Amino acid sequence: MGKAGRRKMAKGKGKIKGKKITLKTAKNSIRITFDGKRRLDLSKMGIAAIPKCLLKLCDIEELDLSRNFIRKIPEWIQKFQNLRWLDLHSNQIEKVPESIGQLQNLLYLNVCNNKLTANGVPMELSQLKNLRQLNLGLNSIDMLPTTLGSLKELKEVCLFDNQLTSVPPSILKLPKLKKINTKRNPIQKTEENTEEEQEAIQRVKCLHLVNEKDLCSPCRAKCQMEKTKLKKLKNLLNSAMKNPFSNNLVAPNSTAKETMVNGGEWDQKID
């Protein structure tokens, strides 16, 4: 092989031509979901570039382009104004376009397992006011825009297998957030996010304080009885600390009664 041939081969190395999708193929790939929405399923089709003929179908509600070789999401994705579900996982995408923020009806966005970095996650994602689920896992993201904290409807966030050292507090404080997956990130552990503190927070959520006057008579009597027991136990412990050798234990084989924490009694035999 000559030098020219080798140069041509080297230039094209790593590039995938991809399968061309016609409008007819795309129309035949539309399916109706269980709730009556039209889903265009072009997953696992060997596509390297999103075909512009899809603009003829921009009124669909769901679009699945996962498991292809797509490197770029075109700016004209904003034309899909009815889109509520967009799946682009397992491609070669390096950047999500700013225009995606105009998909105001989008509920689900999956760009997991791509080549996204911090520069590939636009601030315009914060414009997706109705977004419920966001999957950014399996990328190379080391920083997230704090503006994602404005996604008030967000319920699930996947950030696993990235390069994050921290998660913006604005995301952690989202009012409807139920699940967040940050596994396998180099996130720095701090006193604020230790497991022990999280458990303590959960325990505090179960604690209710009331005024004594608001208790019913039986509850008030029970609380008073417990307080009396605690007071007696405290006095007993104080006495034991002052005089560790009780005068009752004056002879071998004698018996002494000691009060236990639970209010019961037990016999101690000294041989």
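Mind ordering 18-27, 37-46 by average Cβ neighbours within 10 Å, highest first?
Output ranking for 18-27, 37-46: 37-46, 18-27.
Ranked from highest to lowest mean number of other Cβ atoms within 10 Å per residue, what is the order of the peptides 138-151, 101-114?
101-114, 138-151
Please state, rounded to one decimal and in Å, the Kirkwood hydrodynamic radius that the stretch 18-162 gives when every pair of distinct Cα atoms enters the mean of 1/r.
Computed over Cα pairs of the stretch 18-162, the Kirkwood hydrodynamic radius comes out at 15.2 Å.
If you roll a 1.4 Å probe over the heavy atoms of the protein chains, what accessible area per residue do you get for the stretch 70-196, in Å²?
On a per-residue basis, 51 Å².
Where the centroid of each part is defined by its Cα atoms, how far is the stretch 91-112 from the stretch 43-59 in Å?
What the calculation gives is 15 Å, centre to centre.
Under the rule of at least 5 residues apart or a separate chain, name every residue whose amide H is placed under 5 Å from the amide H of ILE73.
Answer set, sorted by chain and number: LYS95.
Among LYS52/LYS179; LYS27/LYS95; LYS27/LYS152; LYS152/LYS183; LYS115/LYS179; LYS37/LYS173, which pairs are too far apart, with a Cα-Cα distance over 29 Å?
Check vs 29 Å cut-off fails for LYS52/LYS179; LYS27/LYS152; LYS37/LYS173.
Over the stretch 27-121, what is the mean sequence separation of C-alpha contacts under 8 Å (at least six apart), divided by residue count, expressed as relative contact order in percent?
So the answer I get is 23 percent.
The values are calculated or read from the model by the stated rules, or taken from the named source; none is laboratory data. Model, not experiment: these values are computed from the prediction. Positions of Cβ are backbone-derived with ideal geometry, glycine not excepted, and every protein chain shown enters the neighbour counts. When the accessible area is computed, the model is the full protein with side chains, heavy atoms only, and any ligands, DNA or RNA have been set aside. Shrake-Rupley method; radii C 1.70, N 1.55, O 1.52, S 1.80 Å.
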